[in-house]
Amino acid sequence: MKMRRVQVDHATIQRWVYKFSPFIVAQIKKRKLRVGKSWRMDETYIKVKGKWCYLYRAVDKSGNTVDFLLTKRRQRMSAQSFLIKAIDNNCKPRIINIDKSGSNIGAIRVYNQRSFSKIMIRKCKYLNNIVEQDHRFIKWRILNGLGFKNFESAKSINNTILSYNL
């Protein structure tokens, strides 16, 4: 915009992000590749308005992003809602690799009981390195944006940022 000698306020850019990011995310999800049947699931934390929030993420064996969800709390219900969202948007996995997170284990077990499925749980921290290394990319992108001041803006901007990684 500066090259074209158009002055734009930062509030205008933020309004554009709110307005156009759902359209961008919808187009990206249409072009998303199929994910594999072996997932790596983990959560990381990011700071929103001075409070820690949790970003649940899953990637497949090849490193393709399955799905993500930003929540205010780290508990079984958050992990369960993430798992349901990820399975609804993709196929049902055969196996999920996790670290020793109790909330993720509980969420998968509850999902198996309610849907009569047999998703295997594998607790191997070395197999989860793919998703752990991918957290670096996200934290780097967030730090470059100087953090978030509002939970809703963090949700919308994370959808846009992480969808580019799909």
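Is the C-alpha gyration tensor of segment 1-123 telling us rounded, prolate or oblate? Criteria: a/c under 1.5 is rounded; beyond that, a/b larger than b/c is prolate, otherwise oblate.
Details: a/c = 2.82, a/b = 1.85, b/c = 1.52.
Here segment 1-123 falls in the prolate category.
Check Val48: other-chain or 5+ apart residues with amide H under 5 Å from its amide H, H built from backbone geometry?
Those qualifying (amide H under 5 Å, at least 5 residues apart or on another chain) are Cys53.
How large is ³J(HN,Hα), in whole Hz, for each residue of segment 109-120 in order, when computed from phi with the Karplus curve 6.51 cos²θ - 1.76 cosθ + 1.60 and θ = phi - 60°, using x for Gly and Pro?
Coupling constants for segment 109-120: 5, 5, 4, 4, 5, 6, 9, 6, 10, 10, 6, 7 Hz.
What lysines sit close enough to Lys125 to cross-link, taking a C-alpha to C-alpha distance under 18 Å and skipping anything fewer than 8 places away on the same chain?
Partners within reach: Lys61, Lys100.
Using amide H atoms built in the peptide plane, which far-off residues or other-chain residues are under 5 Å from Asp67 H to H?
Amide H to amide H, under 5 Å and 5 or more residues apart or across chains, Asp67 pairs with Ala58.
Taking a threshold of 28 Å on the Cα-Cα distance, which of the pairs Lys29/Lys92; Lys2/Lys51; Lys29/Lys51; Lys47/Lys85 fall above it? Intermediate results must be reported in sequence, preceding the final value.
Details: Lys29/Lys92 17 Å; Lys2/Lys51 35 Å; Lys29/Lys51 30 Å; Lys47/Lys85 23 Å.
Lys2/Lys51; Lys29/Lys51, as the Cα separations exceed 28 Å there.
Provide the packing ranking of 107-119, 24-36, i.e. peptides ordered by the mean count of other C-beta atoms within 10 Å per residue, highest first. If you can, show how the numbers build up before the last one.
Details: 107-119: 14.3, 24-36: 12.8.
The packing order, highest mean first, is 107-119, 24-36.
Here, each number is a calculation from the coordinates, and none is a lab measurement. Only a predicted model underlies this, so the values are computations on that prediction, with no experimental measurement involved. As a convention, Cβ positions derive from the backbone with ideal geometry for all residues, glycine included, and neighbour counts pool all protein chains shown.
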